[in-house]
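The values are calculated or read from the model by the stated rules, or taken from the named source; none is laboratory data. As the structure is a prediction and not an experimental result, all values here were calculated from the model. Positions of Cβ are generated from backbone atoms using ideal geometry, with glycine treated the same way; all protein chains shown enter the neighbour counts. Protein only, heavy atoms only, side chains kept; ligands, DNA and RNA dropped before computing areas. Shrake-Rupley method; radii C 1.70, N 1.55, O 1.52, S 1.80 Å.
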Amino acid sequence: CADDAFGSSVGLEQTGIYSDQDTRGFSPSKAGNARIDGVYYDPVGSLSSRLRIANVVRVGFAAEDYPFAAPTGIIEYRLRPMPTETGLSPAYNFMAFGGYIREFDLRAPISGDKLAFVGGMAQSDLSQSDGGRNEAWGVTARFIARLGGVEFAPFAAVSWFTNNRARPLTVVTGDTLPKLPEVRRYLGQEWAKGSNDNHTFGGVLKAAITPSLSLRAGLFHGKANRGENFSEIYNTVPAAAGNAPTLASHLLFADPPQAIHSTSGEAQMALRLGGGRWQHRLIAGFRARDRLTQTGGSHVESYGTVAYGLPDPHPLPNFVFARPNDGRVRQHAFMVGYLGKVDGLGMINLGLQKARYRGSSRDGRTGTVTRSNDDPWLYNASLGFDLTPSLAIFAATQKGLEDSGTAPENALNRNEQLPATRSVQYEAGMRWKFAGGQLAVNAFQITKPYFSFDPQRNFTQVGTLRLRGIEGSLSGHFGKRLSVVAGAVATQPRVL
């Protein structure tokens, strides 16, 4: 049974109300709040489940003692641990509409508890209700080496996505929703099949330098090469009176080869002090990333106005591409933190960061370069009290510099990397532990810039978003045969 209902996943199984793409109304992965075994990581694409044993969403009490907590929450990818015995685990997953995922995982101790290998491969053919389809291959390898108090674990994960049939996007105008197309009726072009590959390489180092001093560090490089990419968009027009069919303007975007890659990493030194009931931990660290995102240069085909919901096939055109735009982000932060705990009383978690952000964008058509800079002080602070052995409360706040994702496919600046923005969160909660489980309730408020369409249909910052919410989690074992994980969240977003 999971510790709480706020979000965790193992393989294809997921429990909880949150995930790496949706936590308290936002995506911690897109916000840049991803960790690999506790080490900062800038994700490019998704991290293969052949490497991960679990994903854990850290919000509320789950982030109470986590160093340098973030406003949008943290998604922690836990990699597969050192195996104790050799094993091969095949799996065949039946998916919707005849799709499948084949998986093979290998665990192999090489030299006792000193050296081991974990890895695997997967092949999938997935179909969606709109007729979209995706075929993919993936291979991973990870070695785990231990010597004394040092553990070093390098890994590699490579995925190839082929036959990515473009999934049409419908943009509705007016106040009436069109009738949904028939299930499995594909509204795109049969030749509009994209292909791309994702690569992630890196390693995590954990070292006990002395009984009280430890090091945790990691360095990662991810890249995603888009060989071919297509987007089809149907912009509906307001429905006519009577039973007239819904009409839509039909557009197709074809992208030239584009690259996204990022090098990121972090090092943290932790000094443990105290003993008995009093425990202290002093942390000093540094994290950084260097990211390149190519967008634009697209060829656009306009197929005029068509009856929405019916296929609109066209022959393969001769594409004429422009030079892509180059977006660059260089960011780093120096960090200091303190975590203190008194058994039976409570704990305090303080963190301070001095960040430096440098962004630039080069227009592929004109060569014009625009720049954005920021040098903020960031912080996190939480305070918790144990009112009784079973009842605890906490309050916390965080200020972070977070990514804003990319512009959607129907924007004039489609797929463009949006600038990093400052976000602030306040939260408080209560947790009751009982025999076999726990109940937790948290309230939170998040404030960050709001992105939407401007009059020219660029997706850009147009306001401020304040989101308030309350979440609850119940988890535990009830009797010998019943385990329960239940959660709920209610939010109130307001845009100015």
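Brief remarks on what is shown
- Counting only Cβ charges, +1 for Lys and Arg and -1 for Asp and Glu, the dipole size of the range 97-256 around its Cα centre is about 460 debye.
- Prolate/oblate/rounded call for the range 77-156, Cα gyration tensor, a/c under 1.5 rounded: prolate
- Cα centroid of the range 349-365 to Cα centroid of the range 245-318, whole Å: 16
- Taking θ as phi - 60° and the Karplus parameters 6.51, -1.76 and 1.60, the scalar couplings of the range 313-329 work out to x, 9, x, 5, x, 8, 7, 10, 9, 9, 5, x, 7, 10, x, 10, 10 Hz in sequence order, x denoting glycine and proline.
- Full-stretch length increase - ASN93, SER302 - with 0.36 nm per residue and alpha-carbon distance subtracted: 71.3 nm
- Separation in nanometres of the label points that stand 7 Å from Cα toward Cβ, at ILE53 and LEU439: 3.3
- Charged-residue dipole, Cβ positions (Lys, Arg, Asp, Glu), the chain about Cα centre, Debye nearest 20: 1060
- Other-chain or far-sequence residues with amide H under 5 Å of GLY364's (modelled H): ASN325, ASP326
- Environment charge of THR388, counting only residues whose C-beta is closer than 13 Å and scoring Lys/Arg +1, Asp/Glu -1: +1
- Here the relative contact order of the chain, from alpha carbon pairs under 8 Å that lie six or more residues apart, stands at 12 percent.
- For LEU115, distant residues with modelled amide H under 5 Å away: ILE110, ARG146
- With a 1.4 Å probe rolled over the protein heavy atoms of all chains, the accessible area of ARG365, ARG167, ARG142, ARG481 falls in the order ARG481, ARG365, ARG167, ARG142, largest first.
- Taking the Cα centre of the range 216-276 as origin and assigning +1 to Lys and Arg Cβ atoms and -1 to Asp and Glu Cβ atoms, the resulting dipole is close to 400 debye.
- Working note: Karplus 6.51/-1.76/1.60 with θ = phi - 60° gives the range 361-366 the couplings 9, 10, 6, x, 7, 9 Hz, where Gly and Pro are set to x.
- Dipole of the range 278-324 [Lys/Arg +1, Asp/Glu -1 at C-beta], most positive-end residue of ALA322, THR295, GLY285: GLY285
- Subtracting the Cα-Cα distance of LEU316 and ARG494 from 0.36 nm times their residue separation leaves 59.6 nm of extension gain.
- Long pairs among LYS206/LYS448; LYS30/LYS399; LYS341/LYS448; LYS223/LYS448, criterion Cα-Cα beyond 23 Å: LYS206/LYS448; LYS341/LYS448; LYS223/LYS448
- Proximal charge balance of HIS250 [Cβ under 11 Å; K/R count +1, D/E count -1]: -3
- Dipole of the range 100-189 [Lys/Arg +1, Asp/Glu -1 at C-beta], most positive-end residue of GLY120, VAL150, ASN163: ASN163
- Loop-located GluC sites (Glu not before Pro) in the range 148-193, at most 15 other Cβ atoms within 10 Å (DSSP): GLU182, GLU190
- Taking Cβ atoms as reference points and 11 Å as the exclusive limit, the residues near GLN128 contribute a net charge of +3, counting Lys and Arg as +1 and Asp and Glu as -1.
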